[in-house]
Amino acid sequence: MSKAFTRESDDLPDRTARPPLPSLLPPGVKNYLTPNGARRLQEELNRLVEVERPKAAAAPDGSVTRQQIETLDQRIHHLGQCLHSAEIVPPPAAPWDQVRFGATVTVRDGNGIESRYRLVGMGEADADRGWVSWLSPIAKALLNAKLRQRVRFKFPTGEELLEVVNISYE
């Protein structure tokens, strides 16, 4: 066949597909999600499958690369696996006097500075929002703590006593 009827990319070796994303969970650990987290992940999956992936596949040649489509496919696969293995944990019944999965916890350090953390599943963690994985060191320190209880936590700057001043759930 004449070179006039081929694309330059046809001359390049085929790239192998990226390996699937590994699970963020340690082996044997349950994939807990809050109800809102499961809803958000399902909405993202639906958007990727129904809108983004078809749009990328229908794009004119060259405007969307094979790598971009593979990245979408990986995310779709990862979300599907995450939701399939998820155990959705509803908030506990009131009164909320003990920190459990899904809690938003306000703590006060020894200097009177308050910080808020929300204990969520691995797939929901968002440091910018103060949402920490229930497997993170701060979450492990806070889990099962009671209102007004002080817990020890080792920050990189040293150990601190944190007082649980508020517990709430969405």
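The values are calculated or read from the model by the stated rules, or taken from the named source; none is laboratory data. Since this is a predicted model, take the numbers as computed values, not measurements. So basically every Cβ, Gly included, is an ideal-geometry build from the backbone, and we count neighbours across all protein chains shown. Surface areas here come from the heavy atoms of the whole protein model, side chains and all, with no ligands, DNA or RNA. Shrake-Rupley method; radii C 1.70, N 1.55, O 1.52, S 1.80 Å.
On a C-alpha basis, how far is the centre of the stretch 94-170 from the centre of the stretch 23-78 in Å? Whole number, if you could?
Here the two parts' Cα centres lie 30 Å apart.
Normalising by the residue count of the stretch 42-170, find the relative contact order in percent from Cα pairs under 8 Å and 6+ residues apart. Write out the running numbers ahead of the final one.
Details: 177 pairs, mean separation 27.9, N = 129.
The value is 22 percent.
Test of understanding: what is the full-extension gain from Gln67 to Ala94, defined as 0.36 nm times their sequence separation minus their Cα-Cα distance? Walk me through the numbers on the way to the answer.
On the way: separation 27, 0.36 × 27 = 9.72 nm, distance 4.83 nm.
Contour length minus Cα-Cα distance gives 4.9 nm.
Show me the trypsin sites (Lys or Arg not before Pro) within the stretch 139-170 that DSSP assigns to loop and that have at most 14 other Cβ atoms within 10 Å of their Cβ.
Arg148
Leaving out ligands and nucleic acids, note down the accessible area per residue over the stretch 26-137 with a 1.4 angstrom probe, in whole Å².
On the way: 6470 Å² over 112 residues.
Heavy-atom SASA per residue in the stretch 26-137 reads 58 Å².
Take the Cβ-Cβ distance between His77 and Asn144 as r, set R0 to 35 Å, and report the resulting FRET efficiency rounded to the nearest 0.05. Mind showing how you got there, number by number?
Working: r = 35 Å, r/R0 = 0.99.
It comes out at approximately 0.50.
Cut-off 20 Å, label point 7 angstrom out along Cα-to-Cβ of Glu170: give me the residues of the stretch 109-136 whose amide nitrogen falls inside.
115-136
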